[in-house]
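See below for the structure under consideration.
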Amino acid sequence: MDSNKRGAYNHDHNLDKRYLKQVRLLRNLTLKDMAKYMEMDSSIISRLENGLIEFTPYYHERLKQACKKIKVTNAELLAIREVIQQREKRGFK
């Protein structure tokens with residue numbers, strides 16, 4: 001197995017806009033804080049979270065890099081996925 005694909009902070013998960021807010025809340029970050037880690041304006045983060053702009057591969061890569069910077073582990077991302085799936089199952093936004 002390729003050593004580049006191993007480790008607690010290797011984020012091969014299919015991160016999408018639903019993860020953005022959950023990761024931000026997991027680390028108790030404000031929009032401004034998250035914007036700093038993603039190296040973009042906080043208004044863009046807000047628009048992404050609210051679905052006002054499309055979550056493109058560019059934003060996906062920025063979120064992935066931010067997750068590494070704030071040390072979000074694969075286990076935490078799996079827990080976030082479970083939360084997202086349960087919320088969708090119950091009809092929450």
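Read-outs throughout are calculated quantities, based only on the coordinates presented, and are distinct from any laboratory measurement. Keep in mind it's a predicted model, so treat the numbers as computed, not measured. Note: ideal-geometry Cβ built from the backbone for every residue, glycine included; neighbour counts use all protein chains shown.
Compute the Cα gyration tensor for the stretch 16-89, then decide on rounded, prolate or oblate, letting a ≥ b ≥ c be the square roots of its eigenvalues: rounded whenever a/c is under 1.5, prolate when a/b is larger than b/c in the other cases, and oblate in all that remain. It is oblate, given that a/c is not under 1.5 and a/b is not larger than b/c.
Projecting label points 7 angstrom from Cα along Cα→Cβ for Ser43 and Gln85 puts them 3.8 nm apart.
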